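Okay, so here's the structure we're looking at.
What follows is calculated from the coordinates using simple rules that are stated; it is not laboratory data. Since the structure is predicted, the reported quantities are computational estimates derived from the model, not experimental observations. When we count neighbours, we look across all protein chains shown, and the Cβ atoms used for this are built from the backbone with ideal geometry, even at glycine.
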Amino acid sequence: MRPSKGNLIIVSGFSGAGKGTIMKRLVEKYPDSYALSVSATSRSPRPGEEEGREYFFKTKEEFEKMIADDDLLEHACYVGNYYGTPKKYVFDKMEAGIDVILEIEIQGAMQVKKMYPDSLLMFVSTPDAQTLRERLSGRGTETEEVIKNRLCRACEEAMGVENYDYLVINDDLETAVESVHAIAQNERFRIRNNIQFIDNIKNELKSFKEEK
Ligand code: ADP
Ligand code: 5GP
């Protein structure tokens, strides 16, 4: 069973839409509000990426052992590499009452939604497809062939956007960051996320009735 204190927030979106950039800025601005899950992957590190910060970089064999040991909450294959979410960190943070963000692709997102239907799902897009291509090329981290594969994958992923709860268009970065924050904070007001408070006030009010 998953502990049910902090919320589980899933952020997906086309490669190059700006998910990583938004998440980095979000935790810079609101460090106490969110824990960003660090995934494991079998892809190679990009220049500037650090072990344990962007990802835990694994060989294919190491990744398959994590699957066999049931260490992952979800995992998927994306454009030729494994990606997955280590379970323990996510559950520990949620147990501590902190909202945990999983920045994952759509297959993994659907696995988590099936297991935990009360997860909050956001999808990040650029304002249009041309901007996506420009951002992906402009990032300068992938070969032309990988960019093509990722744009193909974006076309497939676009078919699944209706399975998400909210759409965030990343045009102006600060606006997108504030949108993500507003959606996540809104979730805290849901009745189902305040059951403890409601039970307490019900009990307190009962004592008024008994005084009568
Ligand atoms: P993702 O994590 O979704 O693959 P990134 O966060 O790596 O995407 O962003 C892709 C590229 O777009 C990066 O070079 C980043 O600096 C740039 N970028 C992100 N958000 C914006 C924005 N709002 N306006 C302009 N460029 C952006
Ligand atoms: P990138 O190689 O650009 O860092 O990530 C490629 C894709 O994998 C992105 O859509 C990203 O959201 C996704 N991704 C990153 N970590 C995970 C994970 O743990 N699980 C799944 N399913 N997807 C992930």
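Once fully extended, how much extra length lies between E95 and Q196, figured as 0.36 nm per residue of separation less the alpha-carbon to alpha-carbon distance? Please report the intermediate quantities before stating the final value.
Details: separation 101, 0.36 × 101 = 36.36 nm, distance 1.44 nm.
Length gained between E95 and Q196: 34.9 nm.
Semi-axes of the equivalent ellipsoid of the chain: what are they in whole Å, largest first, if each equals the square root of 5 times a C-alpha gyration tensor eigenvalue? Show your work: numbers first, answer last.
Numbers: eigenvalues 241, 85, 44 Å².
Those come to 35, 21, 15 Å.
Amide H to amide H under 5 Å from Y82: which residues, 5+ apart in sequence or cross-chain, H placed 1.01 Å off N in plane?
S42, R43
As an exercise, use a Förster radius of 25 Å and the Cβ-Cβ distance of E145 and K87 to find the FRET efficiency, rounded to the nearest 0.05. The partial results should precede the final answer.
On the way: r = 34 Å, r/R0 = 1.34.
Result of the calculation: an efficiency of 0.15.
Mind checking the angle between helix 144-157 and the chain's longest principal axis? C-alpha axes, 0 to 90 degrees, to the nearest 10.
Approximately 40 degrees, to the nearest ten.
A 24 angstrom limit on the alpha carbon distance is what I want to check against. Which of K29/K58; K5/K87; K60/K88; K58/K87 exceed it? Provide the component values of the computation, followed by the final result.
Details: K29/K58 30 Å; K5/K87 15 Å; K60/K88 21 Å; K58/K87 16 Å.
Cα-Cα > 24 Å for K29/K58; rest within.
Can you give the helix-only mean residue ellipticity at 222 nm for the chain, where every DSSP H stretch with n ≥ 4 adds -39500 (n - 2.57) and the sum goes over all residues, rounded to the nearest 500 deg cm²/dmol? Write out the running numbers ahead of the final one.
Details: 8 runs with 96 residues, N = 212.
Mean residue ellipticity, 222 nm, calculated: -14000 deg cm²/dmol.
Out of every Cα-Cα pair in segment 70-196, what percent are more than 19 Å apart?
Numbers: 4668 of 8001 pairs.
When every Cα pair of segment 70-196 is considered, 58 percent fall beyond 19 Å.
Give me the percent relative contact order of the chain, please, defined on Cα pairs under 8 angstrom at least 6 residues apart.
Over the chain, the number comes to 30 percent.
Quick check on packing: order 30-40, 44-54 by the mean number of other C-beta atoms within 10 Å, highest mean leading. Don't jump to the answer; show the numbers that get you there.
Working: 30-40: 16.8, 44-54: 10.4.
Averaged packing, sorted descending, gives the order 30-40, 44-54.
Distance in nm between label sites at R188 and S44, each 7 Å beyond Cα in the beta-carbon direction?
Taking the simple label geometry, R188 and S44 are separated by 4.3 nm.
How much length is gained on full extension from R53 to E210, taking 0.36 nm per residue of separation minus their Cα-Cα distance?
Working: separation 157, 0.36 × 157 = 56.52 nm, distance 5.56 nm.
Between R53 and E210, full extension yields an extra 51.0 nm.
For the Cα atoms of the chain, what angle does the longest principal axis make with the long axis of helix 106-115, in degrees from 0 to 90, nearest 10?
The helix 106-115 is inclined about 20 degrees to the chain.
So for segment 1-97, Kirkwood radius off the Cα pairs, Stokes-Einstein at 20 °C and 1.002 mPa s: how many µm² s⁻¹? Spell out each step's value before the answer.
On the way: Rh = 14.6 Å.
After rounding, the answer is 147 µm²/s.
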